[in-house]
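To keep things clear, I will list the structure first and then write my remarks on it.
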Amino acid sequence: MTQSIVRGDSNQAIARGPAGRAMAQPMAADLLGALQEHLTMERQASTAYWALSIWFAERGLRGFSAFLKQESTEEQHHAGLFADYLIARGQSVALEPLSAPRQSWSCVEEVFCGIFQMEAEVTTSLHQLYAMAERSGDVRTTVFLDPMVQGQIDAENRAAHLLDRIAFTHSDAAALLVIDGELAAGQSTPASVA
């Protein structure tokens, strides 16, 4: 973390981040690195979902394709939120190279097993970020992460729900077409008993 101190008109010191933006509170180097890594993880998830959307489009399953395209857009939005947060904290955003996404799967259930695992890994990463922010006394970061954690728990729950429904079909084409139609109609949320 590069920072400089400049004096304002009132002779008070103002910390500046690497890009020269004023910082109210410096960020611990390990937390900054972990936030940058998570931003990359969100971008990688966006790319993975985009590849999945293409795979389903190639098979004529427009509901699955549209759902996964939206998931790709949401993951890119999450990466943008992390970038905005880093900038607001006076940091520079490091865009790391992404790996090429996987593009072939044996069946729909394998796809959703991978989706569930990816969402669980993102949840774990957010929990680790939260713990790091708490350890370093960075309340700004915990406040930023609060809605992200809740949204991620919801995404993980939705992935588990869809995986369970797909596993229940035992790859029956007619049943998968029903789920495809539901996804095309925007119906992807688990049942609620509350």
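The values are calculated or read from the model by the stated rules, or taken from the named source; none is laboratory data. All values reported here derive from a predicted model rather than from experimental measurement. Positions of Cβ are generated from backbone atoms using ideal geometry, with glycine treated the same way; all protein chains shown enter the neighbour counts. Each accessible area value is taken on the protein alone, full model and side chains, heavy atoms only, with ligands, DNA and RNA left out. Shrake-Rupley method; radii C 1.70, N 1.55, O 1.52, S 1.80 Å.
Here the scattering of the stretch 109-160 is modelled by Debye summation over its C-alpha atoms, one equal scatterer each and no solvent; at q = 0.18, 0.20, 0.23, 0.24 Å⁻¹ the log10 of I(q)/I(0) is -0.57, -0.66, -0.78, -0.82.
For the stretch 83-136, the calculated P(r), taken from all Cα-Cα distances in 5 Å bins from zero up to the bin holding the longest distance, is 4, 14, 11, 19, 20, 12, 10, 6, 3, 0 percent. Protein heavy-atom accessible surface, 1.4 Å probe, per residue over the chain: 54 Å². Placing R0 at 41 angstrom, the Cβ-Cβ distance between Gln70 and Ala13 gives a FRET efficiency of 0.35 after rounding to 0.05.
Remark: the chain carries a charge dipole of roughly 640 debye about the Cα centre, counting +1 on each Lys and Arg Cβ and -1 on each Asp and Glu Cβ.
Please find the FRET efficiency linking Ala94 to His161, where r is the Cβ-Cβ separation and R0 is fixed at 41 Å, and quote it to the nearest 0.05.
Working: r = 35 Å, r/R0 = 0.85.
About 0.75, to the nearest 0.05.
Please tell me the relative contact order of the chain in percent, rounded to the nearest whole number, where contacts are Cα pairs under 8 Å and at least six residues apart.
Details: 213 pairs, mean separation 43.8, N = 194.
It rounds to 23 percent for the chain.
The share of Cα pairs per 10 Å bin across the chain, counted from zero up to the longest distance, runs 9, 31, 27, 18, 10, 4, 1, 0 percent. In the stretch 76-174, the portion of solvent-accessible area held by carbon and sulfur atoms comes to 56 percent [1.4 Å probe, whole percent, DNA, RNA and ligands not counted]. With the convex hull drawn around the C-alpha atoms of the stretch 59-105, the volume per residue stands at 71 Å³.
Sum -39500 (n - 2.57) across every DSSP H segment of at least 4 residues in the chain, then divide by the residue count to get the 222 nm mean residue ellipticity, nearest 500.
On the way: 5 runs with 128 residues, N = 194.
Value at 222 nm, helices only, nearest 500: -23500 deg cm²/dmol.
Between the stretch 9-66 and the stretch 119-194, how many Å separate their Cα centres? Distance between centres, Cα-based: 18 Å. Calculate how steeply helix 139-169 sits against the longest principal axis of the alpha-carbon atoms of the chain, using the helix alpha-carbon long axis, and give the answer as 0 to 90 degrees to the nearest 10. With rounding to tens, the tilt is 10 degrees.
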